[in-house]
1. Taking 0.36 nm per residue of sequence separation and subtracting the Cα-Cα distance, how much length would be gained by fully extending the chain between T212 and A185, in nm to one decimal?
2. Compute the length gained on full extension between F73 and Q128: take 0.36 nm times their separation in residues and subtract their Cα-Cα distance, giving the result in nm to one decimal.
3. If you count, for each residue, the other Cβ atoms within 10 Å and average over each peptide, how do 111-122, 197-208 line up from highest to lowest?
4. Taking the Cα-to-Cβ direction at L222 and at Q121 and moving 7 Å from each Cα, how far apart do the two end points lie in nm?
5. Could you work out how far apart the two model spin labels at F143 and A158 are, taking each label as a point 7 Å from the Cα in the direction of the beta carbon, and quote it in nm?
6. Rounded to the nearest 0.05, what FRET efficiency is calculated for A105 and V201 with R0 set to 30 Å and r the Cβ-Cβ distance?
7. At each listed q (0.14, 0.22, 0.26, 0.32 Å⁻¹), what is the log10 of I(q)/I(0) that the Debye formula gives for region 184-228 modelled as equal alpha-carbon point scatterers?
8. Give me the base-10 log of I(q)/I(0) for region 118-226 at each q in 0.10, 0.14, 0.18, 0.19 Å⁻¹, Debye formula, one uniform scatterer per Cα, rounded to two decimals.
Amino acid sequence: MRKILLVLPTLLLAAPLFAAQSEPATWGGSNASTPAAQPSSSSVSNLLQKPASTAKQNPQDLPEQKEMEKVAFARRRSLPENPKPKQKHADENAACPSGEGNPCALLGGWRYYSDQWHLTQHQATWWQAYKTPGMLFSTTMLFASTAVDIEGTQHCLAAGTCRELNPIIGKTRARQYGVAMPMDALVAWIAVREKQRGRGVLPFFMLWTVSTVHLYYGANGLTPQHHP
């Protein structure tokens, strides 16, 4: 009985302490509606006024921002440009890098001269090969020298100071042109065909040699010693 009497006063004294500690944890009581739990009007007004104050400060910061942009732009312009890649000379990758008219190790020390007549170049068609300088010059010289040879032969035949040794050509002008020109056309076609395949050096010199022979006999037949 004494123990009960001692415990009861102790519980009565401790009851206010437990009640004080449990009051802040209650959410449905009167404490939830106290002014301390709600945001005050002064704090809301301060939040609303902050953007306005920052907006007022932006015009003051604009001159400084412009100055910084000018400094950054000037610094960017002062930077060196990107280095340009080195362009190789056209002759560095060639077989004879020393260039035109200079000794070339690939040629055994002989001087190098480029193919200005395009005799060793390949062409896709026969017509393209014919239009190259080497073939145009050599074939034109072949037909022209043949005509000179025929006219010289006719001149000396009329004077009686020479005679035609080729029985196929004959003695009349019509027969000589009718036989010689188709033969020249066939030779020119073969030469250009070889040039189309990149083998135009030998045909060029063959046409040049034949043209030289025609010119020699034609000029000899037109000399004054063969006049009638």
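The numbers here are math on the coordinates, done by the rules we state, and not lab data. Small disclaimer: the values here were computed from a predicted structure and weren't measured. Using ideal geometry, Cβ is built from the backbone for each residue, glycine included, and neighbour counts are taken over all protein chains shown.
1. That pair, T212 and A185, stretches by 8.0 nm at full extension.
2. Additional length available on full extension: 14.1 nm.
3. Working: 111-122: 14.5, 197-208: 16.9.
Peptide ranking by packing, descending: 197-208, 111-122.
4. Once both label points are built, they end up 3.4 nm from each other.
5. 2.4 nm
6. 0.90
7. Per q value, in the given order, log10 I(q)/I(0) is -0.45, -0.72, -0.86, -1.05.
8. Taken in order of the listed q values, log10 I(q)/I(0) reads -0.33, -0.58, -0.82, -0.87.
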